[in-house]
Each structure stands twice: as C-alpha cells, then as structure tokens.
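Enquirer: Let me begin by handing over the structure; questions about it come next.
The values are calculated or read from the model by the stated rules, or taken from the named source; none is laboratory data. No experiment lies behind these values; they were computed from the predicted model shown. Here Cβ is always computed from backbone atoms with ideal geometry, including for glycine, and neighbour counts include all displayed protein chains.
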C-alpha cells in the first residue's frame, strides 16, 4: 500500500505582548501582499501573501494560516513580527503550530467495519455508517478520519506525529485480520 501524507493547511499563532497601532503598521505590512485594515467588529489587519494569510489583531495576537509547509508559516510569521516590533515595543514571541490539516489517498479500498473493530483495540474510535462515512479516531495528538480510500488528519501539531499515525493505521490495514478482506 503506497501513499504519502499531503499537508493542506497549517495554522499557527503568536502574541507580541503589546497593543498594536493598526493604522500605523498597515502600510508596512502591505509589502508582503494585499493588506487590508478592518476596524468594525474585531480591529485587525488581514494580509494575503502569496502562500498564506495573516491576521494581526490590535491586542498583539497574530494568526497565520493557509500554507502547506511549516517553513513558509515560520518565515512569514517572523518577517511580519519583525516589522511589527520595529514600530511597537514588543517582545519576540514564540510561534506555535496549532493545527495541521493533512490527508493521504490510498490505492486500495478499506473495509471500514473490520478496520473499526481493530482500531478500537488501540484508540477511542467512533463509526456509524448511517451518520458518517468515516471512522473517527481520537488520539492524544489529534483526530484521524478514515474513509473508503482516504485518511484525513486534523488537529495535529507536528508532521512527525501524523507520519507515525499513518504508519500505525496502515499496519492495521495490512494486518492479516484485515488483508484477507481486501
């Protein structure tokens, strides 16, 4: 069974620990892409870069999303934070990866009923084909959705955890108990 994990989206956050004058920095942030200031509901600047989107809030909180690799998220965050800190007295924040959304496509169809029985021996899982076509697997590190030919990974914070989970799920799929059904 050959497949590889494909990252679709990464969400990261940071906090510069100071109030930000949004009007003062909106022009500086426009060098990274289209920057729009929004003052109506939640005062913020939304910056659309080539590979990601960044929301900068007056409170100093920053959300970076939309990229499919961690290096892009981190480099975008560092550049924007550096420009903010030039204009505002702030501390260098730590950037937290909050969520990685990934999936892999399998080259074989999965017998979900049998797989569900095996998965429940190791993890908390839910499967009701009348409600959802997915086996929902809750782990300490994130949630896995197992479909007929796809596996989705949600809520993981490290790609290594996703790769390890992928390996474990595929080991179960290829186990003698299930492989006779493929």
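Enquirer: Can you pull out every residue in the range 100-116 that is in a strand (DSSP E or B) and buried (at least 17 other Cβ atoms within 10 Å of the Cβ)?
Expert: If the condition is that a residue be in a strand (DSSP E or B) and buried (at least 17 other Cβ atoms within 10 Å of the Cβ), then 100, 101, 102, 103, 104 are the ones that fit.
Enquirer: Something else: Quick one: which strands (runs of 3 or more DSSP E) lie wholly within the range 1-98 and hold at least 1 residues that are free of Cβ contacts under 8 Å to residues at least 40 places away in the same chain and crowded, with 19+ Cβ neighbours inside 10 Å?
Expert: The qualifying strands (runs of 3 or more DSSP E) are 34-38, 44-48, 53-57.
Enquirer: Take residue 110 and decide whether it is touching a helix residue (DSSP H, G or I) at 6+ places or on another chain (Cβ under 8 Å), at pLDDT below 90 and closer than 16 Å to residue 167 by Cα.
Expert: Yes.
Enquirer: Say whether the condition of being at pLDDT 95 or above, in contact with a strand residue (DSSP E or B) (Cβ under 8 Å, 6 or more places away or on another chain) and within 30 Å of residue 133 (Cβ to Cβ) is met by at least one residue in the range 89-97.
Expert: Taking every residue of the range 89-97 in turn, at least one turns out to be at pLDDT 95 or above, in contact with a strand residue (DSSP E or B) (Cβ under 8 Å, 6 or more places away or on another chain) and within 30 Å of residue 133 (Cβ to Cβ).
Enquirer: Would you check if there is a residue in the range 8-15 being touching a helix residue (DSSP H, G or I) at 6+ places or on another chain (Cβ under 9 Å) and farther than 30 Å from residue 168 by Cα?
Expert: yes
Each row is one residue, and each column tells you yes or no for (1) more than 20 Å from residue 4 (Cβ to Cβ); (2) touching a residue at least 40 places away in the same chain (Cβ under 8 Å).
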| position | (1), (2) |
| --- | --- |
| 124 | yes, no |
| 141 | no, no |
| 150 | no, yes |
| 173 | no, yes |
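Conditions (1) modelled with pLDDT under 95; (2) assigned to a helix (DSSP H, G or I); (3) on the phi > 0 side of the Ramachandran plot, marked per residue:
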position	(1), (2), (3)
118	yes, yes, no
130	yes, no, no
145	no, no, no
154	no, no, no
168	yes, yes, no
